[in-house]
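One structure is given here, and the rest of the page talks about it.
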Amino acid sequence: EAGVVQSPRYKIIEKKQPVAFWCNPISGHNTLYWYLQNLGQGPELLIRYENEEAVDDSQLPKDRFSAERLKGVDSTLKIQPAELGDSAVYLCASSLRETGNTIYFGEGSWLTVV
Amino acid sequence: QKEVEQDPGPLSVPEGAIVSLNCTYSNSAFQYFMWYRQYSRKGPELLMYTYSSGNKEDGRFTAQVDKSSKYISLFIRDSQPSDSATYLCAMRDDYKLSFGAGTTVTVRA
């Protein structure tokens, strides 16, 4: 069974440029998460989807970050414009709603803003 | 103050030693407790999951939860170089999963 797939794995952009990350969750998982992980820190939730509905986006900086999950499967996280402080790892994860404690993470998208 | 506190280490032990990791927390609503392992340049993977106070064992790994002290631990017996990774504690209430900062462990051959 394929795991959570993320792309790109690595991205270097100049500040003020836009960037987008894509995530394909495990087949059948209705809950999808985007986490931010800074160096030396644990992941922090940005947004959680139940199917196509964003049920928790309280930590998403909405002035520059946006996310969508069309058709309740794949998801895209966008940053526009990027700032130097956005350099971090963006982790996508998924779970079955009924077993929400078993969250499976992708390998992450590593963003460097210069 | 963070809801979940975890000593970032780093921790270096010889092969075969027992690795002891722990986290403290302040939110009494946390009901589910997890340990994740994260290798360099990889995403976290779930190691252990416990619901109640007490011990849970899985092979060389033992997770302990003491809700009265708001303290959880992970022990790795007979540690191997392949156990070298960052270990993240995580805990969940009804709404969200909160992670510790992670402890980086190196097991020396």
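The values are calculated or read from the model by the stated rules, or taken from the named source; none is laboratory data. Values in this document were obtained by computation on a predicted structure and should not be read as measured data. As a convention, Cβ positions derive from the backbone with ideal geometry for all residues, glycine included, and neighbour counts pool all protein chains shown. Remember, those area values only see protein heavy atoms, side chains included, never the ligands or the DNA or RNA. Shrake-Rupley method; radii C 1.70, N 1.55, O 1.52, S 1.80 Å.
List of remarks:
- Of the set (1) farther than 22 Å from B:ASP94 by Cβ; (2) without any contact (Cβ under 8 Å) to a residue 24 or more places away in the chain, all apply to A:THR76 but (2).
- Against the list (1) in contact (Cβ under 8 Å) with a residue 60 or more places away in the chain; (2) in contact with a Lys or Arg (Cβ under 6 Å, 6 or more places away or on another chain), the condition A:SER109 fails is (2).
- Leading residue by the ranking (nearest to the other protein chains (Cβ to nearest Cβ)) among those in the range A:74-86 that are open to solvent by less than 70 Å² (accessible area, probe 1.4 Å) and assigned to a loop (DSSP other than H, G, I, E, B): A:ASP74
- From the list A:VAL19, A:VAL4, A:VAL113, A:VAL89, the lone residue that is more than 14 Å from the chain's Cα centre (by Cα), modelled with pLDDT of 95 or more and open to solvent by less than 30 Å² (accessible area, probe 1.4 Å) is A:VAL113.
- First in the range B:59-72 and within 11 Å of B:SER26 (Cα to Cα), second anywhere and part of a strand (DSSP E or B) and open to solvent by less than 70 Å² (accessible area, probe 1.4 Å), Cβ under 6 Å, 6 or more apart: B:LYS70/B:THR24; B:LYS70/B:TYR25; B:TYR71/B:THR24
- Residue within the range A:52-63 that is surrounded by 20 or more Cβ atoms within 10 Å (Cβ to Cβ) and either assigned to a helix (DSSP H, G or I) or touching a residue at least 12 places away in the same chain (Cβ under 8 Å) (or both) present: no
- Residue match in the range A:19-35 (condition: of a type outside the set (Gly, Ala, Ser) and in a helix (DSSP H, G or I)): no
- Every residue from the range B:16-29 that is within 15 Å of the chain's Cα centre (by Cα) and more than 11 Å from chain A (Cβ to nearest Cβ): B:ILE18, B:VAL19, B:SER20, B:LEU21, B:ASN22, B:THR24, B:TYR25
- Tally of residues being within 12 Å of chain A (Cβ to nearest Cβ) and surrounded by 17 or more Cβ atoms within 10 Å (Cβ to Cβ) across the range B:47-65: 4
- Checking every residue in the range B:85-105 against the condition of being more than 12 Å from chain A (Cβ to nearest Cβ) and at pLDDT 95 or above gives at least one match.
- Residue within the range A:57-65 that is of a type in the set (Gly, Ala, Ser) and under 22 Å from B:GLY43 (Cα atoms) present: no
- Condition check for A:GLU68: under 12 Å from the mean Cα position of the chain (by Cα) and either surrounded by fewer than 17 Cβ atoms within 10 Å (Cβ to Cβ) or at pLDDT below 90 (or both): yes
- The set of residues in the range A:87-106 being free of Cβ contacts under 8 Å to residues at least 12 places away in the same chain and away from chain B (no Cβ under 14 Å) is empty.
- Checking each residue in the range B:66-93 for being over 19 Å from B:GLY16 (Cα atoms) and either open to solvent by 50 Å² or more (accessible area, probe 1.4 Å) or of a type outside the set (Gly, Ala, Ser) (or both) picks out B:ASP66, B:LYS67, B:SER68, B:SER69, B:LYS70, B:TYR71, B:ILE72, B:LEU88, B:CYS89, B:MET91, B:ARG92, B:ASP93.
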